[in-house]
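Since every read-out is calculated from the coordinates, none of them should be taken as a lab result. All values derive from a computational prediction rather than experimental measurement. Cβ: placed from backbone, ideal geometry, glycine included. Neighbour counts: every protein chain shown.
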Amino acid sequence: ALALLAPQDLAGTRVAISAGGTREPIDPVRFLGNRSSGRQGVALAAEAAARGARVTLVAANISADVLAAAQHPLIEVRTVGTAAELGEAMQDAAASAGIVIMAAAVADYRPASASDQKLTKEESVLDRIDLVENEDIVAGLAASRPDGQVIVAFAAETLTDADARRERARRKRERKGVDLLAVNLANAEHGFESADNAIEVIGEGGAVVASGEGSKREVSRAIWDAVLNLSQHHSS
Ligand code: CTP
Ligand code: CA
């Protein structure tokens, strides 16, 4: 019944969403990871499907109970592990998408090589790990995007000063070449691992074009509204 009450303003639109956090293997039993639960990305996918979009959800290491909220006939889930896998899956999904949202937390670096044997203290090979930088997936998607495609990136920031946070977000949006950057305050109450979130959406010229606070589903509504506002501007 709830789905019928949602506006069908994304009907006929294909969207590609990444969610969760990548894991970069160190050896067979260890990885470099992060605290992203995938809840915000899953909520964005569920909201998009409820509004009629066909969604490809690229899910990086999301637990089954969180991923359950993405069960919908219009959502296809592709599971990935590493940043490289996520990049490949998103390139694939983005090729036919009108809207791309990168909600996943992508590892900035990966171990230069993953050992096929467990590293041990005895062999004293555990005290340092050589890292190499991962490609910036969303910047790559933005640089080669099809005409008219809208791209949204996320940023989790721990700066509590709102002005400083916005300034960083503006630079990040420019650097990535995306249309919108959704910034969340990653602290104890909001963001990673939490059910609630608070975001600000930075758009053209660094303007704050939307904000939202509450459940991750409520926040996802604010983000979709901001995306649709932008699409209407584009086409008019
Ligand atoms: N991102 C990406 N590829 C990467 C790193 C990040 O596509 N290798 C995307 C994230 O999915 C997110 C956006 O870029 O949508 C911003 O991520 P963030 O970690 O905030 O940006 P970074 O450029 O990595 O900057 P920072 O040094 O603050 O981590
Ligand atoms: Ca980063």
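Some observations on this one:
- Antiparallel DSSP beta bridges within the chain, as percent of all bridges there, nearest 5: 40 percent
- Distance from the alpha carbon centroid of the range 83-114 to that of the range 143-167 works out to 16 angstrom.
- Cut-off under 5 Å, modelled amide H: who pairs with Gly81 long-range: Leu86
- Once the Cα atoms are used to define both axes, helix 39-50 deviates from the longest principal axis of the chain by about 30 degrees.
- Considering only the range 103-230, percent of DSSP beta bridges that pair antiparallel, nearest 5: 70 percent
- Taking the helices alone, the chain has a mean residue ellipticity at 222 nm of -9500 deg cm²/dmol, built from -39,500 (n - 2.57) per DSSP H run of at least 4 residues and averaged over all its residues.
- For the range 163-174, 3J(HN,Hα) per residue [Karplus equation, 6.51 cos²θ - 1.76 cosθ + 1.60, θ = phi - 60°, Hz, x = Gly/Pro]: 5, 5, 5, 4, 4, 4, 5, 5, 4, 5, 4, 4
- Positive contributions from Lys and Arg (+1) and negative ones from Asp and Glu (-1), summed over other residues with Cβ under 14 Å from the Cβ of Val178, come out at +3.
- Calculated P(r) tail over 15 Å for the range 90-153, as whole % of Cα pairs: 62 percent
- Residue with peak Gaussian network fluctuation, the chain [Cα springs, cutoff 10 Å], from Lys216, Lys121, Lys176: Lys121
- Degrees separating the helix 216-235 axis from the principal Cα axis of the chain, which is the longest one: 60 degrees
- Förster radius 30 Å - calculated FRET efficiency between Val125 and Thr79 (Cβ-Cβ, nearest 0.05): 0.45
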